[in-house]
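Have a look at the structure below, then the notes.
The values are calculated or read from the model by the stated rules, or taken from the named source; none is laboratory data. The structure presented is a predicted model; accordingly, all values stated were derived computationally and were not measured. Glycine also receives a Cβ, built like all others from the backbone with ideal geometry; neighbour counts cover every protein chain displayed. Each accessible area value is taken on the protein alone, full model and side chains, heavy atoms only, with ligands, DNA and RNA left out. Shrake-Rupley method; radii C 1.70, N 1.55, O 1.52, S 1.80 Å.
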Amino acid sequence: MRKMLAAVSRVLSGASQKPASRVLVASRNFANDATFEIKKCDLHRLEEGPPVTTVLTREDGLKYYRMMQTVRRMELKADQLYKQKIIRGFCHLCDGQEACCVGLEAGINPTDHLITAYRAHGFTFTRGLSVREILAELTGRKGGCAKGKGGSMHMYAKNFYGGNGIVGAQVPLGAGIALACKYNGKDEVCLTLYGDGAANQGQIFEAYNMAALWKLPCIFICENNRYGMGTSVERAAASTDYYKRGDFIPGLRVDGMDILCVREATRFAAAYCRSGKGPILLELQTYRYHGHSMSDPGVSYRTREEIQEVRSKSDPIMLLKDRMVNSSLASVEELKEIDVEVRKEIEDAAQFATADPEPPLEELGYHIYSSDPPFEVRGANQWIKLKSVS
């Protein structure tokens, strides 16, 4: 016993040159994985749905926690930068909806495709871009993911097609991407996202029809955060069963606040599409803490008490944290360390996003096409000529 105490004393006294908290975390015996019960999905035109139990590994749990916390902190920093007038124009934040973007990414492959509407910051991150590139794009700087030209509503990455500003317009584009997947004979699917506010758009039903006729590998996903701009779903839609809206297309209604529910439903849907059965529809029941955009305080059409109740009972980060701690997949101290690291990453990215220069005027015509030879582009008035380069 004395030898053991002496050994522990040597470690804690600095032999390992690590903070005491890290040593204690490292010395704990964590479980490698744990099995959890998850909410059963409501089904439409399906005999069976995703499983009602799932396994979460410690490695995946820590990865999901870090990713969701990063998206949350990034959005809160964007809120701050917007109020300081460093971010201009439109800005739609997704804090509260982190289980959607992280859970969807966990259920597909990097080679699969995703297109969404303008609440896109979280998806831009989960598709592989850094916080630095995203925040710099929001502030209109050269180091942004679209060279500072796209802003909040138009960000892109490999196999990620934006960020689209026209309500519902990305849905036919998503069907087109799925058509390309099928045409090229690739075992890939396209996740095509839209909100409950866009769900009544006629072009969405046209896309449903074509995708079903041609059996396209398209997962149509309605992020139902209960309010289209400032209007509740009950006031805007005769039927709020968005997962049934495809009629002839099978559908699932999913708890969009539980990352494990989202992950399993996405895996199920992706396997369905890859099998050649055609499209499938997911409705993710989620919630946004901010208003529709930064110009919307978000409390004129819903109460502060409603928002607080969702935060206290259904917050996606809190739910994952409780599961991991209660099943010995992680400790509170370990998750707090991740919080500190994430905060530092966000602060560093914000400093870059405010110090990086804006793109010069002569780059206004750059990147019109991806591979064409340079050609002249008329500028804002007829006397200004710009050169387009790829």
Only helices counted: for the chain, with every DSSP H run of 4 or more residues adding -39500 (n - 2.57) and the sum spread over all residues, [θ] at 222 nm is -12500 deg cm²/dmol
Length gained, residue 376-residue 338, 0.36 nm per residue minus C-alpha separation, equals 8.7 nm
Non-local residues with an amide H under 5 Å from the amide H of residue 245, with H modelled 1.01 Å from N and Pro and chain starts lacking one, are none
Of the listed links 182/385; 63/83; 147/344, those spanning more than 32 angstrom between alpha carbons are 182/385
For the chain, dividing by residue count, accessible area per residue (probe 1.4 Å) in Å² works out to 49
A 1.4 Å probe over the protein heavy atoms gives the range 43-364 a carbon and sulfur accessible-area percentage of 51
Under the 7 Å Cα-to-Cβ spin-label approximation, residue 42 and residue 318 lie apart by a distance in nanometres of 2.4
Subtracting the Cα-Cα distance of residue 59 and residue 183 from 0.36 nm times their residue separation yields 41.0 nm
Given 156-167, 184-195, 97-108, 238-249, the highest-first ranking by average Cβ count within 10 Å works out to 97-108, 184-195, 156-167, 238-249
Ranked output for segments 42-54, 75-87, 211-223 by mean other Cβ atoms within 10 Å, highest leading, reads 211-223, 75-87, 42-54
